[in-house]
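The values are calculated or read from the model by the stated rules, or taken from the named source; none is laboratory data. Quick caveat: nothing in here was measured; it's all calculated off a predicted structure. We place every Cβ from the backbone using ideal geometry, glycine too, and count neighbours over all the protein chains shown. Keep in mind that these areas ignore ligands, DNA and RNA; they rest on the heavy atoms of the full protein, side chains included. Shrake-Rupley method; radii C 1.70, N 1.55, O 1.52, S 1.80 Å.
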Amino acid sequence: MSLLVVGLSHRSAPVSVLERASLSGETRDKLLQDALAAEPAAEAAVLATCNRIELYADVDKFHAGVAELSTLLARHSGVGLDELTPYLYVHYEDRAVHHLFSVACGLDSMVVGEGQILGQIKDTLAVGQELHTAGRLLNDLFQQALRVGKRAHSETGIDRAGQSLVTFGLEQLAAGADVADWAGGKRALVIGAGSMSSLAAATLARTGVAEIVVANRTRARADRLVEILAQPGGTGVVARAVEMADVCDELTRADIVVSCTGATGLVLTAEAVAGALGLEAAPAAEAPAVEIPAVSAVSAVSAVPAPADVDRHAAWVENAAGNGAGTVRQAVRRATVPAQGAGPVRLALLDLAMPRDIDGEAARLDGVRLVDIESLAEASADAPMAADVDQVRTIVSDEVAAFGAAQRAAHITPTVVALRTMAAGVVAGEIARLDGRLPDLDEKQRAEITQTVRRVVDKLLHAPTVRVKQLASEPGGAGYADALRELFDLDPQTVAAVSRADLNDPNRGRS
């Protein structure tokens, strides 16, 4: 296993960089295909959410893999490599596994403990399987990550520590008031009908809003979401769907707006918000200049540490992200987030899109409160963490060790199978020779002799094969497969054939 992950997230990069580096579905697919075509990578998967972009790959060369994956991320994100490099982090082998398992449990989320990341990991695996870029390693890795995440949520109270971005965003809009009291009786406009928008609509319905209007580029998806909201036995909320062209009209009647689309440009401009409220758009304010020191997770592609130094490097990244990098990001937020408008709140805007859907200048309008990914990142930085987080970290550490042992044991399985196949061939050959030398044996005698020889061979091979699997599952045990092949003069092509047969099993690793 030579698992490598190169990526950036809300912990390593300011939201402005994440926003520019966000990937569309088409761009993500092209990135996957190009990663697979690159020489160091045999498998690839992309985990892209509103606050992280990570490229996972099975590589045969560490330095070349880091250089190639970093270059590909820069090329497909549209952010220059020199600009992107200071915000990238690198994890390798067991540390890469630990990182993904932590992500799956919500430990690395903007809101600690949120469970939506599990759906995004499942989608990542499904795309890798559909495009045939996820092979044995990544199938096993992402399947196990899903199991670890579910285990963390079922065995601990991590759900109490975290919540979805939607819930956290609504709490920020409510500004300390009870969300149900604040939202009760209000009219809500939800722009978009994807997973995040659907979650927002369902959450708003549970809080007791009087009406939900759904606008989406594809009307059929908006209609479907409205149908789900209005199902008998549900919340009883009044829901209807409209065309995207009707958003400005609906804005004049809305009290709450939640937007999360895949648009590459603004969905709501400050002018549109001002027009809905009968205001004039506020003039743009210049943000004060802030000198931002370079805090680098990967100082330069050519200076990436050797594999033996990865643990030390990653520990440095964590410290940087928790100290200097965090200070820098807070400075960026203070400099770039516009001041909220004055007066009582007439329109509450929640922007969960990346890149953003709602013009940040709308926050400067009187009577408007805007919460977006950037302000959520700042607010969540000081959110308390539950004591259950320590228990989840223990689960992650145990699961990482188990995954590594299973991968090392799986590495030797094709060799063991090839050995047993060779032994079966030897038995068959000797029985054939016996038939030639003793043609008068009856069927019962021949069957008894055959069974005896097979039992002898099985008993001779049992202890060595069990022991070699145990040894191979321990750290540094990868060499036992090579020793077994050498001692028994096994044909490498036979071993490779067993591996291919296992990999091509249609029932293996499906989500």
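Quick notes on this structure:
- Figure legend. Inter-residue proximity from segment 338-353: first residues at pLDDT 90 or above and among the basic types (Lys, Arg), second residues open to solvent by less than 20 Å² (accessible area, probe 1.4 Å) and in a loop (DSSP other than H, G, I, E, B), beta-carbon distance below 6 Å, spacing 6+ or different chains. Indicated pairs: 346/367.
To keep it simple, each residue is scored yes or no on (1) of a type in the set (A, V, I, L, M, F, W, C); (2) modelled with pLDDT of 90 or more; (3) out of contact with any strand residue (DSSP E or B) (no Cβ under 7 Å at 6 or more places or on another chain); (4) under 30 Å from residue 98 (Cβ atoms).
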position: 382; (1), (2), (3), (4): no, no, yes, yes
position: 396; (1), (2), (3), (4): yes, yes, yes, yes
position: 428; (1), (2), (3), (4): yes, no, yes, no
position: 440; (1), (2), (3), (4): no, no, yes, no
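- Residue in segment 174-186 that is in contact (Cβ under 8 Å) with a residue 60 or more places away in the chain, among the acidic types (Asp, Glu) and either open to solvent by 10 Å² or more (accessible area, probe 1.4 Å) or more than 18 Å from residue 236 (Cβ to Cβ) (or both) present: no
- Odd one out for residue 74 among (1) surrounded by fewer than 23 Cβ atoms within 10 Å (Cβ to Cβ); (2) touching a residue at least 40 places away in the same chain (Cβ under 8 Å): (2)
- Lone qualifier among 191, 158 - being at pLDDT 95 or above and of a type outside the set (Ser, Thr, Tyr): 191
- So residue 434, is it at pLDDT 85 or above, surrounded by 11 or more Cβ atoms within 10 Å (Cβ to Cβ), touching a helix residue (DSSP H, G or I) at 6+ places or on another chain (Cβ under 9 Å) and in a helix (DSSP H, G or I): yes
- Some residue of segment 53-64 being touching a Gly at 6+ places or on another chain (Cβ under 9 Å) and open to solvent by 30 Å² or more (accessible area, probe 1.4 Å): yes
- Hey, residue 117 in contact with a Gly (Cβ under 7 Å, 6 or more places away or on another chain), in a helix (DSSP H, G or I) and in contact (Cβ under 8 Å) with a residue 40 or more places away in the chain or not: yes
- Conditions (1) open to solvent by 10 Å² or more (accessible area, probe 1.4 Å); (2) in contact (Cβ under 8 Å) with a residue 60 or more places away in the chain; (3) among the small types (Gly, Ala, Ser); number of the one not met by residue 200: (1)
- Every residue from segment 206-228 that is touching a helix residue (DSSP H, G or I) at 6+ places or on another chain (Cβ under 6 Å) and either touching a residue at least 60 places away in the same chain (Cβ under 8 Å) or open to solvent by less than 30 Å² (accessible area, probe 1.4 Å) (or both): 207, 209, 212, 213, 214, 215, 216, 225
- Considering segment 237-276, and only residues there that are of a type in the set (S, T, N, Q) and open to solvent by 10 Å² or more (accessible area, probe 1.4 Å), the residue that is farthest from residue 372 (Cα to Cα) turns out to be 252.
- From the options 67, 45, residue that is touching a Phe, Trp or Tyr at 6+ places or on another chain (Cβ under 6 Å) and of a type outside the set (D, E, K, R): 45
- Here residue 378 does not qualify as in contact with a helix residue (DSSP H, G or I) (Cβ under 7 Å, 6 or more places away or on another chain) and modelled with pLDDT of 80 or more.
- Some residue of segment 87-100 being of a type in the set (Gly, Ala, Ser) and open to solvent by 20 Å² or more (accessible area, probe 1.4 Å): no
- Spans of helices (runs of 4 or more DSSP H) in segment 135-231 with at least 3 residues farther than 30 Å from residue 96 by Cβ: 165-174, 179-183, 195-207, 219-229
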